[in-house]
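Below is one structure; the comments refer to it alone.
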Amino acid sequence: MIVKSTTSLKVQITRLEMTAPPKASLPVPVNIQTAIMRAPNIPLDFYRYLYRQVGSRWQWVDRLRMGDEDLAALLHSEKTGISVLYVNGAPGGFFEYHREDDETIELCHFGLIEHALGLGIGKWFLLQALYALWVLDPARIVTTTNNLDHPRALQLYQMFGFSPVATGHGIVRPLSDKELLELAKKGC
């Protein structure tokens, strides 16, 4: 669902933390070809495409409002990592992390593109993302979710070992018609 008005939306935010790797193991769903590839120095247009495809229904807007210079500085920092999921040869989702310090990694973004939903791949992909982050040897992994996210996001994070550590309120300002038009012109 895309909300095209500029009315601000109040959100309930939950911050989660995990302090040990997940113990779960899941096979790749059958009859689906997958690949997860790290994307160092990801092209900004490709990143914006992924971000928009994954996040439009969940009101992800922050990175779409960033200029090229600021976005490149963030994404191409050695503290940031992005991996892209390919499903049957096409981009199917991505995850992004940011190393906050020597002990903490934030899973900033995680999600699937529409054509990859309903294939039973979400849990498997989250587990792969968590395995990849734990290889970096943090003391903890943190993430946030809010009530605009997938209805089962909080439950899924908890299923793999995250625990809520804080809650709060925030405001999300959906993209305006003008911003949507500018993005369409860029091909996002």
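A few notes on this one:
- Within a straight-line Cα-Cα reach of under 27 Å, residue 178 can be paired with the following lysines, leaving aside sequence neighbours fewer than 8 residues apart in one chain: 4, 10, 186.
- P(r) of the chain over all Cα-Cα pairs, binned every 5 Å from zero, in whole percent: 1, 7, 16, 20, 21, 19, 11, 4, 1, 0
Read-outs throughout are calculated quantities, based only on the coordinates presented, and are distinct from any laboratory measurement. Everything numeric in this text was worked out from a predicted model, so none of it was measured.
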